[in-house]
Amino acid sequence: MSAVIAAAGLVCPAGLGLAESTAGARARLSALREIDWCDRRLERFIVGSVPDQGLPVLAPALAAAPLQAREGRMLRLAHAALADMYAGLPADLPAPPLLLGLPEHHTTRPIDPERFLKLLANQAGACFDPALSIAAPRGRASGLMALSQAAARIAAGEAGLILVGGLDSLVDLYVLAALDRAGRVRGETVSDGFSPAEGAAFLLVASESEARRHGLPVLARVAATGIGFEPGHLYADEPYLGDGLAGVVSACLDSAGLAAPLQSVYCSFNGERYWAREFGVARIRNAAAFADEARMEHPAECFGDLGAAHGVALAALACHGLAGGYRPGPALVYASSDKGDRAAVIFERST
């Protein structure tokens, strides 16, 4: 029983919905702007932020609750992305469990995953089942890790519909300051850095039979997924050897058994040289599986690094491209977290 992607939603600096975001990414339009906050050199941060007026307001009960500013922002981002994903789907669709990726970089108080799920249910309404849902603070790769788990559960017949998501806001003064102290925020004096951003992305993963039963569209088929870990990650003392991502890509390719080489690659490059070296190792070790002219998509150049939303955002963009016929398949989508987690998925066009 294979898993398919039945719907996707995305809110990011490039757009207030998946269609708008894909259009911005395809046109290579930069959504990065200076903000009033300054770094330690008194230079303004350049970030990717979502227009505040494009987001729903906090639910009344939450507006009066003791929330971190970042939590409130993330709740609004998630609400908007969920609304985008559910638009046009049947109103009687049962509320699925949610597997949610959350930030790995924290403020003074880490986000409590269980509490956050309850807050999100209050904000977004009955669009998922909080009692069956799980959230994990694992960064960029977390959403694709959740997708791997969802695909396995569907293949085993344990569920027919599962909601997978990722959300983050790195546009937080404490987080920006921490990244700035580490010399990671791109600016006039930092070239080996990235532009912090924010966003939320969701995928509705379904079995093929469940998609037919509810009359759901099929954007793409999940051919294979993989999860791994890089011991030589950015915050480790161990040497970087590139085994983490290379092993994940190899495992995906072995599982997928593709009849054609990979035509598209959606990667979580953000501008830091480390990530380009990482993919170089994975590409060399799996060279035979890539088409000579395989397309490389790294939309962080347009909207910045979405943190824990990045992996699911890449998957949403890839599925939209495959369904729309403007990106060739099979497509490899992967994301790497700062602290070692690696995850990948191979999508094929629906037949």
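Need one number: % antiparallel among DSSP beta bridges in the range 155-313, to the nearest 5.
60
How large is the accessible surface per residue of the chain, computed with a 1.4 Å probe and reported in Å² as a whole number?
39
Mind grabbing the accessible area of residue 20 for me, 1.4 Å probe, Å², rounded to tens?
100
If you average the sequence gap of Cα pairs under 8 Å that are 6 or more apart and divide by the length of the range 194-255, what percent do you get for the contact order?
With pairs under 8 Å counted, the relative contact order is 26 percent.
What share of the DSSP beta bridges in the chain is antiparallel, in percent to the nearest 5?
So the antiparallel bridges amount to about 70 percent of the total.
Can you give the accessible area of residue 36 in Å² (nearest 10), computed on protein heavy atoms with a 1.4 Å probe?
Approximately 120 Å² of residue 36 is accessible to the 1.4 Å probe.
When Rg is the radius of gyration of the Cα atoms in the chain and Rh is its Kirkwood radius, what does Rg/Rh come to?
0.94
If you restrict to DSSP beta bridges whose two residues both lie in the range 254-350, what percentage is antiparallel, to the nearest 5?
45
To the nearest Å, what is the center-to-center distance of the range 1-76 and the range 159-222, using C-alpha atoms only?
Value for the Cα centre distance between the two parts: 10 Å.
Just to verify a number: what accessible area does residue 46 come out at with the full protein assembly present, 1.4 Å probe, Å² rounded to tens?
About 60 Å², rounded to the nearest 10.
Count charges around residue 198 for me, please; just the other residues with Cβ under 12 Å from its Cβ, Lys/Arg as +1, Asp/Glu as -1.
Taking every Cβ under 12 Å from that of residue 198, the sum is -1.
Quote the relative contact order of the range 10-53 in percent (integer), defining contacts as alpha-carbon pairs under 8 Å separated by 6+ residues.
Normalised by residue count, the contact order of the range 10-53 is 35 percent.
Please work out the Cα convex hull volume for the range 1-88 and give it in Å³ per residue.
That works out to 179 Å³ per residue.
Highest mean first, what order results for 335-343, 322-330, 252-260 on Cβ atoms within 10 Å?
Highest-to-lowest ranking by the protection proxy: 335-343, 322-330, 252-260.
Based on the alpha-carbon set only, what is the convex hull volume of the range 196-269 divided per residue, in Å³?
Each residue corresponds to 153 Å³ of Cα convex hull volume.
Dipole size in debye (nearest 20) for the chain around its Cα centre, Lys and Arg Cβ +1, Asp and Glu Cβ -1?
I would put it at about 280 debye.
I'd like the carbon and sulfur percentage of the solvent accessible area for the chain, probe radius 1.4 Å, heavy atoms only, ligands and nucleic acids excluded.
53
Before anything else, pin down the relative contact order of the chain: Cα pairs under 8 Å, at least 6 apart, normalised by residue count, whole percent.
Relative contact order, the chain: 25 percent.
The values are calculated or read from the model by the stated rules, or taken from the named source; none is laboratory data. Keep in mind it's a predicted model, so treat the numbers as computed, not measured. Methodologically, a virtual Cβ is constructed for each residue, glycine included, from the backbone with ideal geometry; neighbour enumeration extends over all protein chains shown. The area values use the complete protein model at the heavy-atom level, side chains included, leaving out ligands, DNA and RNA. Shrake-Rupley method; radii C 1.70, N 1.55, O 1.52, S 1.80 Å.
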